[in-house]
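Report on the structure given below.
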Amino acid sequence: MRTDRDFTYFCVGLGVGITAAFLCAPKSGADTRKQIRDAANEGSSYLKQQAASAADAAVELTDRGAKTVRHYKENVMAAVDAGKDAYREAVTSMPASDFKL
């Protein structure tokens, strides 16, 4: 029995709450829906702007990374070439008697 009475009180409270909400609503339904739609559009625009900004930052970071890799590759290639040149110079400056096969 108690649950029936509790359910009745719940329904009465729900009805009073809905009635109070309709009576105290600051705007009409159409105005509220328009406000919600405008806020959703504004949020969507903000997210698109943030995504574009993040994409630009990613492209810039990728370009900087590629530039750094190219720089280190050039340095390594220059070091390898210098090593080859030093080896050739050392081999050509050796007397023939130092070569053993």
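Couple of notes before you dig in:
- A search for C-beta distances below 6 Å between a residue of region 79-95 that is among the basic types (Lys, Arg) and any residue that is not in a helix (DSSP H, G or I), counting only pairs 6+ apart in sequence or on different chains, returns nothing.
- Selection of region 18-39 for residues being surrounded by 10 or more Cβ atoms within 10 Å (Cβ to Cβ), in a helix (DSSP H, G or I) and over 39 Å from the mean Cα position of the chain (by Cα) yields Ile18, Thr19, Ala20.
- Test for Ala86: is it exposed (fewer than 10 other Cβ atoms within 10 Å of the Cβ), among the aliphatic types (A, V, I, L, M) and over 26 Å from the mean Cα position of the chain (by Cα): no
Every number here is computed from the coordinates shown, using simple stated rules; none is lab data. It should be emphasised that the depicted structure is a prediction, and the values quoted were computed from it without experimental measurement. Glycine also receives a Cβ, built like all others from the backbone with ideal geometry; neighbour counts cover every protein chain displayed.
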